[in-house]
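Throughout, read-outs are computed from the coordinates displayed, never taken from laboratory work. Quick caveat, the model's predicted, so the values are computed rather than measured. Backbone-built Cβ (ideal geometry, glycine too); neighbour counts: all protein chains shown.
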Amino acid sequence: GGPIPFHGPHQAGIATPVQDRLHFAAFDLGTDSPAKAAELMREWTAAAVRMTAGQEIGGGATGAELAPPDDTGEALELPASRLTLTVGFGPSFFERLGLPAPDRLKELPRFPADKLDPARSGGDICVQACADDPQVAVHAVRNLARIAFGTASVRWSQLGFGKTSSTTPQAQTPRNLMGFKDGTRNIAGTDRAALDAHVWVGGEGPEWLRGGSYLVARRIRMHIETWDRTSLKEQEDIFGRTKREGAPYGAAREHDPVPLDKLPADAHVRLAHPDSLGGATILRRGYSFTDGSDGLGRLEAGLFFLAYQRDPEKGFIPIQRALAARDPLNEYIQHVGSGIWACPGGVTPGSFWGETLF
Ligand code: HEM
């Protein structure tokens, strides 16, 4: 596809159509100077403007013979591949720099059965790179890491494939690694009213965050082999939807309204539905991952869950509380990584990520 505009009222990569591939990276600052962090954002923004347009950064991939090239070069000749780069700042970012954190940016509570690995959790800054070509997404994160040398370094990163949610409801709903359609009832990228109500931070947030959003990431490992020995009936009961069509129990088609009382009392979809939770709503934008196998012959696979919301207390937190307590899916999954970041509003030409924060 053609390039997705970098500039606009919101950062690209949230409500824009979901691409096929992900490279997500969390960075830690090596400085406590807000001026240095701002300079990094300025340099990153300049590079992001070029990379999302399919262009080489800085002086390009070839230049002065005696210096390392500004651009590492592996995306030469490749199209922009709908690359989007979306940036967020975690609670530790504000602590380290001595800047006021937005009210709603707090470390997530611990949920029952969480088994979080610190080496795959947190991070001062996150970068979500999505593109239709993995080489383009990896090139983008690699070049941002190169630019950050001396100011910030990668803490952990995650590759993802096979988007598990779409923001384009007219398109075929993608399937997750459990084989179920995922993202059926998601916020559409064109539904401005729902985005304003549930995704974009409004006047309640500081200026730099207006039009931005809070991002929660969870690395959710799936016990694929156990799942694969589970009967179709049990699989469908767990979600409260059929496998092939994706229709909710009590309805015929995928996009029919969910008759909540026809679903098992603890079905995933029933527990997570806004009507069960006083309206709690998120925009899901996750990806599947498979990082080879785990040394015990099991696939090291799962869902890299990404959720955007205007207020985590009215989004991820109450939903995950309900799921952690009762979801029968918990027998087949485990949350092993976690992070929360405040993603600034959109960037206008000439400005940079989070400019008015510094
Ligand atoms: C719905 C799978 C984790 C929130 C669904 C659906 C599937 C699914 C198949 C039905 C289709 C749809 O409407 O998208 C999974 C799997 C997970 C997982 C395999 C873990 C590996 C989570 C988590 C949350 C969540 C951690 C949030 C805390 C939701 C919501 C819905 C949903 C809000 C839509 C409910 C509705 O409005 O009908 N999920 N999910 N899911 N899931 Fe999950």
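In table form, for the structure just shown:
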| item | result |
| --- | --- |
| Cα gyration tensor category, rounded, prolate or oblate, for region 219-342 with a/c compared to 1.5 | oblate |
| Nitroxide proxy distance, nm - points 7 Å out along Cα→Cβ at Gln135 and Glu207 | 4.4 nm |
| ³J(HN,Hα), Karplus 6.51/-1.76/1.60, whole Hz, each residue of region 322-338, x for Gly, Pro | 5, 5, 4, 6, 9, 4, x, 4, 4, 5, 10, 9, 8, 7, 10, x, 7 |
| Order of Val336, Val269 - criterion: other Cβ atoms within 10 Å of each residue's Cβ, fewest first | Val336, Val269 |
| Counted charge near Leu76, where neighbours are those whose Cβ lies closer than 15 Å (Asp, Glu -1; Lys, Arg +1) | -4 |
| Amide proton proximity set for Phe304, modelled H, under 5 Å, gap of 5+ | Ile220, Tyr287, Ser288, Phe289 |
| Neighbour-count ranking [beta-carbon atoms within 10 angstrom, fewest first] of Met51, Met178 | Met178, Met51 |
| For region 214-270: Kirkwood Rh in Å [reciprocal of mean 1/r, alpha carbons] | 12.6 Å |
| Amide H contacts of Ile187 (H built 1.01 Å from N, under 5 Å, at least 5 apart or other chain) | Arg284 |
| Packing-based exposure ordering (other Cβ within 10 Å, fewest first) of Ile224, Ile340 | Ile224, Ile340 |
| Cβ-based net charge around Ala194, under 12 Å, with every Lys or Arg adding one and every Asp or Glu removing one | +1 |
| Largest-first principal axis extents of the Cα set of region 94-166 (Å) | 35, 35, 23 |
| Over 13 Å [Cα-Cα, region 291-349], rounded percent | 74 percent |
| Stretchable slack from Glu74 to Glu245, in nm (0.36 nm times residue separation minus alpha-carbon distance) | 57.5 nm |
| Charge tally in the Cβ shell below 10 Å around Leu108, where Lys, Arg are +1 and Asp, Glu are -1, Leu108 excluded | +1 |
| In Hz, Karplus ³J(HN,Hα) per residue of region 289-296 (6.51, -1.76, 1.60; θ = phi - 60°; x = Gly, Pro) | 9, 9, 9, x, 10, 9, x, 10 |
| Volume per residue of the C-alpha convex hull in the chain, rounded to whole Å³ | 138 Å³ |
| Subset of Lys181/Lys262; Lys115/Lys314; Lys163/Lys233; Lys36/Lys106; Lys36/Lys115 violating a 28 Å alpha-carbon distance limit | Lys36/Lys115 |
